[in-house]
Amino acid sequence: MLFRSDIEGVSNQGYRLISAPDLLLPAEIAPYLPVGFEGDIFWSATLASTNERAKELADKGMPTGSLAIAETQTGGHGRRGRSWQSPPGGIWFSIILRPDIALMLASRVSILAAVILAEAINTETGLRATIKWPNDILIEGKKVCGILIELSAQLEEVNYIIVGIGINANIKIEELSPEVREAAVTLTALLGKDINRQRLLGRIASRFVNEFPLIFDDNYPDYLNRRRQLSAVLGHSVTIEDGGRRFTGKAIDIMQNGALKIELSDGTERVFESGDVSLRLHI
Ligand code: BT5
């Protein structure tokens, strides 16, 4: 495995490392985590999928905030079995959360995740990220980040939630396949330079740990409002594919449980639950 590291030849002195390899190692992320951060951090050069690793770790009892991080993934995946391209330079990781909540409240984590990712990317880059329902993060209309949330529950109680996050950070656009590239963008391509991946990852993990208790109390309406404000679709005409059927209309609201409300062309309203709907924007 080759990572970006600059090694300069110095005659008769062997080789001198002029800059440390840019890796998402626990020690590099730790400075950006809050004091008393209780999660364990697992780093790998390559994993099939950080979500799969995080599930194994969660099953072994790893605490809230634990992170599974990989520099590359060979089997990164999205929703409904779709694949996620994960070349070196991206930020591919999963967070384990263990909220003590009823199953019906779990959809709030999806709202929180989208808000944290859009805001953290904006803060780190100065760019303007928006959220395409349910929780793709777009910049200039193209996907810069995908979120895959998986849940383990027994009866009506949540056991753990895995939030898998993929950010196209320090990646040249040519490193994504031509098909994906059409609708995707990377931070390097937008900024013309690389970002501090360790700081962005650390900030995101910190925010999850600090803020996820807040979405189960009086603060939830604030997150829902921020989610609506960051929306790339509200007020726009959209097409939704749901179970093989297509619906076109205007996106008019994101509901308490994260579902999207559409006003269809015939004037009727229809609510789409998160998870089994894909969406195309008419810009
Ligand atoms: C998602 O799925 O957007 C969720 C992706 C989550 C990836 C993270 S990485 C860490 C963790 N471990 C995992 O195994 N997964 C999570 P979905 O909405 O289904 O979008 C998938 C679609 O996005 C694909 O079918 C492609 O069209 C497109 N795509 C694939 N790789 C991409 C990339 N790097 N950037 C932008 N779009 C991509």
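The values are calculated or read from the model by the stated rules, or taken from the named source; none is laboratory data. Please read all numbers here as calculations on a predicted model, not as lab measurements. Heads up, the Cβs are rebuilt from the backbone with ideal geometry, glycines too, and the neighbour counts pull from every protein chain shown. With ligands, DNA and RNA removed, areas are computed over all heavy atoms of the protein, side chains included. Shrake-Rupley method; radii C 1.70, N 1.55, O 1.52, S 1.80 Å.
Shown for segment 117-210: the carbon plus sulfur share of the solvent-accessible area, taken with all protein chains present and a 1.4 angstrom probe, equals 47%.
Filter the DSSP H helices in the chain by two things, a Kyte-Doolittle mean of at least -0.5 and an axial alpha-carbon span of 20 angstrom or more, and list the hits by number. Write out the running numbers ahead of the final one.
Values: long enough: 107-125 (28 Å, 0.98); 197-211 (21 Å, -0.59).
Result, helices passing both filters: 107-125.
Would you calculate a helix-derived [θ] at 222 nm for the chain, using -39,500 (n - 2.57) for each DSSP H run of n ≥ 4 and dividing by the full residue count, to the nearest 500? Before the final figure, lay out the partial values.
Values: 7 runs with 67 residues, N = 283.
-7000 deg cm²/dmol, from helical runs alone.
Highest mobility in the GNM of the chain, judged by mean-square fluctuation with C-alpha springs under 10 Å and restricted to L103, L200, L67, is found for L103.
If exposed means no more than 15 neighbouring beta carbons inside 10 Å and the site is in a DSSP loop, what's the longest run of the chain without any exposed trypsin sites (Lys or Arg not before Pro)? By the stated rule (loop sites, at most 15 other Cβ atoms within 10 Å), 194-283.
Local charge for L25 was computed over the other residues whose Cβ lies under 12 Å away, with Lys and Arg +1 and Asp and Glu -1, and equals -2. Database remark: amide H of I171 closer than 5 angstrom to the amide H of L187, T188, A189 (H placed geometrically; neighbours at sequence offset of 5 or more, or on other chains; Pro and chain starts carry no H).
Where only protein heavy atoms count, and the probe is 1.4 Å, what is the accessible area per residue for segment 186-236 in Å²?
42 Å²
Tell me whether segment 32-120 comes out rounded, prolate or oblate; compute the Cα gyration tensor, take square roots of the eigenvalues as a ≥ b ≥ c, and use a/c under 1.5 as the rounded threshold. Note, shape of segment 32-120 comes out rounded. Highest mobility in the GNM of the chain, judged by mean-square fluctuation with C-alpha springs under 10 Å and restricted to F42, F247, F272, is found for F247. If you count Lys pairs in segment 54-192 whose Cα atoms are under 17 Å apart, skipping same-chain pairs closer than 8 places in sequence, the total is 4.
Taking amide H atoms as placed 1.01 Å from N in the peptide plane, the amide H of Y160 lies under 5 Å from those of S152, each 5 or more residues away in sequence or on another chain. Across segment 32-49, rounded Karplus estimates of 3J(HN,Hα) from the backbone phi angles (6.51 cos²θ - 1.76 cosθ + 1.60, θ = phi - 60°) give 9, 9, x, 4, x, 4, 9, x, 9, 10, 10, 10, 9, 5, 9, 9, 4, 7 Hz, Gly and Pro being marked x. The value of relative contact order for the chain, using C-alpha pairs under 8 Å at least six residues apart, is 16 percent.
Using a Gaussian network model of the chain whose springs link C-alpha atoms within less than 10 Å, name the residue from I165, I96, I252 with the highest mean-square fluctuation. Result for the chain, Cα springs under 10 Å: I252 fluctuates most. Net charge dipole, the chain: roughly 600 debye, given to the nearest 20, about the Cα centre with Cβ charges of +1 for Lys and Arg and -1 for Asp and Glu.
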